[in-house]
1. Where the second residue is buried (at least 24 other Cβ atoms within 10 Å of the Cβ) and at pLDDT 90 or above and the first is more than 10 Å from every other protein chain (Cβ to nearest Cβ) and part of a loop (DSSP other than H, G, I, E, B) and lies in segment B:230-257, which pairs have Cβ atoms under 6 Å and are six or more apart or on separate chains?
2. Could you list, in sequence order, all residues of segment B:97-115 that are assigned to a helix (DSSP H, G or I) and among the β-branched types (Val, Ile, Thr)?
3. Looking at A:Leu123, A:Leu153, which is the one that is away from chain B (no Cβ under 14 Å) and at negative phi?
4. Mind listing whichever residues of segment B:105-151 are more than 9 Å from chain A (Cβ to nearest Cβ) and at pLDDT 90 or above?
5. Do we find a residue being within 14 Å of chain B (Cβ to nearest Cβ), of a type in the set (S, T, N, Q) and in contact with a Gly (Cβ under 8 Å, 6 or more places away or on another chain) anywhere in segment A:88-106?
6. Of all residues in segment A:142-163, count the ones that are within 21 Å of B:Leu283 (Cα to Cα) and more than 22 Å from the chain's Cα centre (by Cα).
7. When the residues of segment B:290-318 are narrowed to those that are without any contact (Cβ under 8 Å) to a residue 24 or more places away in the chain and assigned to a helix (DSSP H, G or I), which ends up surrounded by the most Cβ atoms within 10 Å (Cβ to Cβ)?
8. Any idea which of A:Gly103, A:Gly129, A:Gly78, A:Gly99 is within 20 Å of A:Leu302 (Cβ to Cβ), of a type outside the set (Phe, Trp, Tyr), crowded, with 24+ Cβ neighbours inside 10 Å and in contact (Cβ under 8 Å) with a residue 60 or more places away in the chain?
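The values are calculated or read from the model by the stated rules, or taken from the named source; none is laboratory data. Bear in mind the structure is a predicted one, so any value in this text is a computation, not a measurement. Cβ atoms come from the backbone with ideal geometry, glycine included; neighbour counts cover every protein chain shown.
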Amino acid sequence: MKMFLHLEARGEPSRLWIWAAPLMAVFLTLAVGSALFAALGKDPLQALNGFFIMPVSTLYGATELLVKAAPLALIAVGLAVGFRGGVWNIGAEGQLTLGAITGGGLALALGAVDSPLVLPAVLLAGVLGGMAWAAIPALLRTRFHANEILTSLMLTYVAQLLLGWLVHGPWRDPHGFNFPETAPFSPHAILPVLLEGTRLHLGIPLAGVVILAVWALLARGFIGFQIKVMGLAPRAGAYAGFRQNRLVWFSLLLSGGLAGLAGFSEAAGPIGQLQPALSPGYGFTAIIVAFLGRLHPVGIVLAALFMALTYLGGETVQLFMGLPLAVTGVFQGLILFFLLACDVLILYRVRVGRRPAPGVS
Amino acid sequence: MEPTLASSLAEAGAAATALIGAMARAATPLALAATGELVTEKAGVLNLGVEGMMLMGAVSAFAVTVATGSPVLGLGAAIGAGMLMGLVFAGLTLSLRTNQVATGLALTLFGVGLSAFVGRDFVGTPLTALPGLSIPGLSDLPVLGPLLFGHDPLVYLSVALIALVSWFLGRTRGGLIVRAVGENHDAAHSLGHDVLLVRYGAVLFGGALCGLAGAYLSLVYTPMWVENMTAGRGWIALALVVFATWKPWRVLLGAWLFGGVTILQLHAQGLGVQIPSQFLSMLPYLATILVLVLISRDAMRVRLSAPACLGKAFHPEH
């Protein structure tokens, strides 16, 4: 009588539910979201329309979706590589910040240097900054066995404080009316806008290309296979001679580099300078995107678009319906819970009734 | 001569009292949260949602205290909120057997979002801090009085809870069962112990203490509500459990050490040290990394002191 609902192991993972679970999670989030809107005294249908349809019903809105989805997908693809292999980098927000600092620092140092090489150089500096920040947890894990979850997260706070010091102190724009921000980057260090009247910038197709490259690496490269094996069966991997430490380094440097690129692209794209609030938590939301996208590049791009919509939707319902912006955070948290719960159906069937006596099944 | 000596002694005493008091206030939320997480981990469950549970505790305590005027009800609400969050985590990881790391991260992300949502109307609302304890006679003693008996009740509660947990885990049958479940859940199951029930209990206890830790922040430490006001303390508490090698009294030691680091940060500025405030604010995070590295470099020691089934799902049918 104790187990009225019980789980019965499937023989093998359900391929249907691997992809149906995220859809069901989205659906359940919408259902709970409607209830939440109703509780706040708003018409749920109107609110859902405001949250999920209105923001993307204009060309500008659709491009804004891409502006927000690009960093999410870029970071999530990197994180997914580590998550597959059991390396938990949750400090992407810090690596994003460091990437913005190094790329932005170089952009400020180069000043008005006029060369087509400026943009590649500052982008590379952003990637290297993110990598360097991720190298610290990699070193601490491989040399001292320190848990990368905790170290990468602690470093996020350190990176944000570092950025705060730079924009309040040495890098503050002398002509900036005392605002905590740097001088605007020179036009040569800016990711150019591709579509007049929008913020659709070069960083977005660049993110697409990078994601494709990572996908090719994972699907075709030997390193992708090693990561998969180490995640599924670390002992088998060890027997095969795959070295755990190399995978820790690889996945942290890759995810750190991509987060750094995303960070500098934010600074050099929609923002155009360094300021304390560079990212609305992209590095953390990307964790949700990675899981929602099944740690697979195609899924991640779709999930990034959806999560980008929750940012836009939150802003829209705040503006037009007076709903709190914090709804976005609630939605983002809910969806991951529902996803984890729905994922149970991949490995198990849910049976109603008493558990069969031992030995019967 | 005499009066100046006496007055400088009194001055030094007052300074020491203020220092110890500030240290206690910085240490108590860490001690509470880390003690809760320690019990959860002793039962073999790794809950990375400490930060989320603390935030929900902080916002619930603040909202209820503002609404009712009663900090006791506020503390109760925080405990309830922490336990509810724990229940969500336990339901997912224990009954639905989801990955504990992913679920813990989800709990933190959800707690950040939901607490910001719940607390949106309370940003900027003032609140008077919980008063310090006042024991007639004892608290009025010169120097020793305020040093030992002048803190707020939760400081003493955190010490008492650590003593209780230490006694429970080390000296009672119930504690033995919790440890057995954490060390080898299959063996505990074979002996007839209800592994899931014990783990549900441990997660709920952890949730209650994390909620209380959050309440301490929003009612005592800085009596106000700000989004994300825990500022990583939940993660520092997780690191403290490793630092303490899963021993309750060392959690207290670690929490007070971190309290000291925090104080250093506050007082360095008062003493006119020319270091930008951002660098001083980095100290607790850098100290956490340093401490983790120092303790983890001896991999064998951590492996031997960590509960053997930590983070592993229990499948009763096997």
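1. B:Thr230/B:Glu51; B:Thr230/B:Met54; B:Thr230/B:Leu55; B:Ala244/B:Val251; B:Ala244/B:Gly254
2. Residues of segment B:97-115 assigned to a helix (DSSP H, G or I): B:100-115.
Across segment B:97-115, the qualifying residues are B:Val101, B:Thr103, B:Thr108, B:Val112.
3. Working: A:Leu153 fails: away from chain B (no Cβ under 14 Å).
The match here is A:Leu123.
4. The initial filter retains those residues of segment B:105-151 that are more than 9 Å from chain A (Cβ to nearest Cβ), namely B:122-151.
Within segment B:105-151, no residue meets the criteria.
5. Looking only at segment A:88-106, we keep the residues that are within 14 Å of chain B (Cβ to nearest Cβ), and these are A:88-94, A:97-98, A:101.
Narrowing the set further to residues that are of a type in the set (S, T, N, Q) leaves A:89, A:97.
The next check asks that each one be in contact with a Gly (Cβ under 8 Å, 6 or more places away or on another chain); those that pass are A:89, A:97.
Yes, that holds for at least one residue.
6. Kept after step one, since they are within 21 Å of B:Leu283 (Cα to Cα), are these residues of segment A:142-163: A:144, A:146-163.
Pick out the ones that are also more than 22 Å from the chain's Cα centre (by Cα) and you get A:144, A:146.
Residues that pass the stated criteria total 2.
7. Step one: of segment B:290-318, the residues without any contact (Cβ under 8 Å) to a residue 24 or more places away in the chain are B:290, B:293-294, B:297-300, B:303-304, B:317.
Now restrict to residues that are assigned to a helix (DSSP H, G or I): B:290, B:293-294, B:299-300, B:303-304.
Details: B:Leu290: 13, B:Val293: 17, B:Leu294: 12, B:Ala299: 10, B:Met300: 8, B:Arg303: 10, B:Leu304: 10.
Going through the qualifying residues, I end up with B:Val293.
8. Details: A:Gly103 fails: within 20 Å of A:Leu302 (Cβ to Cβ); A:Gly129 fails: within 20 Å of A:Leu302 (Cβ to Cβ); A:Gly99 fails: within 20 Å of A:Leu302 (Cβ to Cβ).
Of A:Gly103, A:Gly129, A:Gly78, A:Gly99, the one residue that is within 20 Å of A:Leu302 (Cβ to Cβ), of a type outside the set (Phe, Trp, Tyr), crowded, with 24+ Cβ neighbours inside 10 Å and in contact (Cβ under 8 Å) with a residue 60 or more places away in the chain is A:Gly78.
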